[in-house]
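For reference, the structure is listed below as structure tokens.
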Amino acid sequence: MNIDPRELRQVAAVAVPRVDLYAGIHKALRALMADSLLALGRMDPEDALELAQVTQRVMQLLEFCRSHLQHENDFVHPAMEARAPGSSGQIAHEHEAHGEAIDALARQTTALLQSEPAHRTGAALALYRALSLFIAHNFEHMHAEETAHNAVLWARYTDAELMAIHDALVGSIPPEEMMFVVRWMVPFMNPAERAAMLVDMRAKAPAPAFAAALDVVRPHLSEREWAKLSASLQLPTVPGLVQA
């Protein structure tokens, strides 16, 4: 990866927050990965309904990861290559490996769901371990993007240009997928990030889409978190609702 170490130091030393194409979606990915892994680890493989529900959650995670790879390949990497040729090469290679790993995990998940009852305990443990390794590598991968890739982007693009890339990427996401993103991204942001994202969404999205996003987010926030968000967005208060 052709990245100047001085640019990495600039990422760590930046005083004024820059537009970060990775921060929010990576919080969503980390939350979904952790939640899926924990669900798989505590699953009762002898319970057919629970097995079906948990394997479906794992497949949702894998599909989300696949979509995320494609979004970065289509929007972020071309922007990097346009002004810093070769800068996305290493991560692009990892994306290819991740795609292969996703396919393998999907096959392993399907095999677990279809396995004979006597084999499910062992198959569930094997999938749990394989998914753990996939997630561990993804955590390291995301850190590299948040540091090395941001160093490239911030040195070569203005915030207005980065926001244009962000908006083009978001505009390419189908509504159903976007609601899934919102469900896993917004609750795991800090209050300032949460408010900033939804203020931006309210300004750019149709009113029904914004209302739907709030409906998706609300059940996953504590009363105190919702009160802070409501105040930031200046939402009307609901009579009789006690906010902690």
| query | Out of all the residues in segment 91-136, which are assigned to a loop (DSSP other than H, G, I, E, B) and open to solvent by 30 Å² or more (accessible area, probe 1.4 Å)? | reply | GLU116
| task | Kindly indicate whether GLN70 is open to solvent by 30 Å² or more (accessible area, probe 1.4 Å), without any contact (Cβ under 8 Å) to a residue 12 or more places away in the chain, closer than 26 Å to LEU198 by Cα and of a type outside the set (Val, Ile, Thr). | result | yes
| query | Where residues in segment 193-207 are farther than 14 Å from SER232 by Cα and in contact with a helix residue (DSSP H, G or I) (Cβ under 8 Å, 6 or more places away or on another chain), which of them is least open to solvent (accessible area, probe 1.4 Å)? | reply | ALA205
| message | Could you list, ordered by first residue, the pairs with Cβ atoms under 6 Å in which the first is in segment 32-59 and outside any helix (DSSP H, G or I) and the second is open to solvent by 70 Å² or more (accessible area, probe 1.4 Å), at least 6 apart or interchain? | response | PRO45/THR121
| From the list GLU46, GLU7, which one is out of contact with any Gly (no Cβ under 9 Å at 6 or more places or on another chain), modelled with pLDDT of 95 or more, over 24 Å from MET189 (Cβ atoms) and among the acidic types (Asp, Glu)? | GLU46
| remark: Listed by first then second residue, the pairs whose first member lies in segment 85-103 and is under 22 Å from THR147 (Cα atoms) and in contact (Cβ under 8 Å) with a residue 24 or more places away in the chain, whose partner is open to solvent by 30 Å² or more (accessible area, probe 1.4 Å) and in a helix (DSSP H, G or I), with beta carbons under 6 Å and at least 6 positions apart or on separate chains, are SER88/GLU81
| message | If I filter segment 208-233 down to residues being part of a helix (DSSP H, G or I) and of a type in the set (Gly, Ala, Ser), which single residue comes out as surrounded by the most Cβ atoms within 10 Å (Cβ to Cβ)? | response | ALA213
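The values are calculated or read from the model by the stated rules, or taken from the named source; none is laboratory data. Note that the structure is a prediction, hence the values are computed from the model and not measured. All Cβ positions, glycine included, derive from the backbone under ideal geometry; neighbour counts span all protein chains shown. Ligands, DNA and RNA are excluded from the accessible area calculation, which covers all protein heavy atoms including side chains. Shrake-Rupley method; radii C 1.70, N 1.55, O 1.52, S 1.80 Å.
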